[in-house]
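First, the structure itself, so that you have it in front of you.
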Amino acid sequence: MAQSQLPKQRINKYILYISDNVNELKINHRKELLQIIIGADIDSNRIVEKGNGTQIRFADMDSQLIYTIYNYIYNKLENDTATC
């Protein structure tokens, strides 16, 4: 999916979903997600370690990375609820 194909409104929905659901991931899935972000083309100065985790602003991510994160979280949560 090319970056230009993602409308701003859809990206905003992805961001809301990510924000609302990232804390529902298991710790090992959060670590995998961090590896995805670190592997993306983001300036390492934009990734900030905080006392209780790591912070990366959505504004520092391109739309393709936001979609990748959304898709990862969605799939992990759907798989977890399907196995319960």
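So Y67 ticks every box in (1) modelled with pLDDT of 95 or more; (2) in contact with a Leu (Cβ under 6 Å, 6 or more places away or on another chain); (3) not β-branched (V, I, T) but one. Which box is left unticked?
For Y67, the exception is condition (2).
When only residues in region 33-84 that are out of contact with any helix residue (DSSP H, G or I) (no Cβ under 7 Å at 6 or more places or on another chain) and among the small types (G, A, S) count, which is surrounded by the fewest Cβ atoms within 10 Å (Cβ to Cβ)?
G51
Report, by residue number, each residue of region 47-81 that is among the β-branched types (V, I, T), in a helix (DSSP H, G or I) and under 15 Å from the mean Cα position of the chain (by Cα).
Within region 47-81, I66, T68, I69, I73 qualify.
Which pairs do you get when a residue that is farther than 17 Å from Q64 by Cα, found in region 38-49, comes within reach of a residue that is modelled with pLDDT under 85, reach meaning Cβ atoms under 8 angstrom, with the pair 6+ apart or on two chains?
Close Cβ pairs (under 8 Å, with a partner that is modelled with pLDDT under 85) amount to I47/T54; V48/T54.
Looking only at region 21-32, how many residues end up being surrounded by 10 or more Cβ atoms within 10 Å (Cβ to Cβ) and in a helix (DSSP H, G or I)?
7
The values are calculated or read from the model by the stated rules, or taken from the named source; none is laboratory data. As the structure is a prediction and not an experimental result, all values here were calculated from the model. Cβ atoms come from the backbone with ideal geometry, glycine included; neighbour counts cover every protein chain shown.
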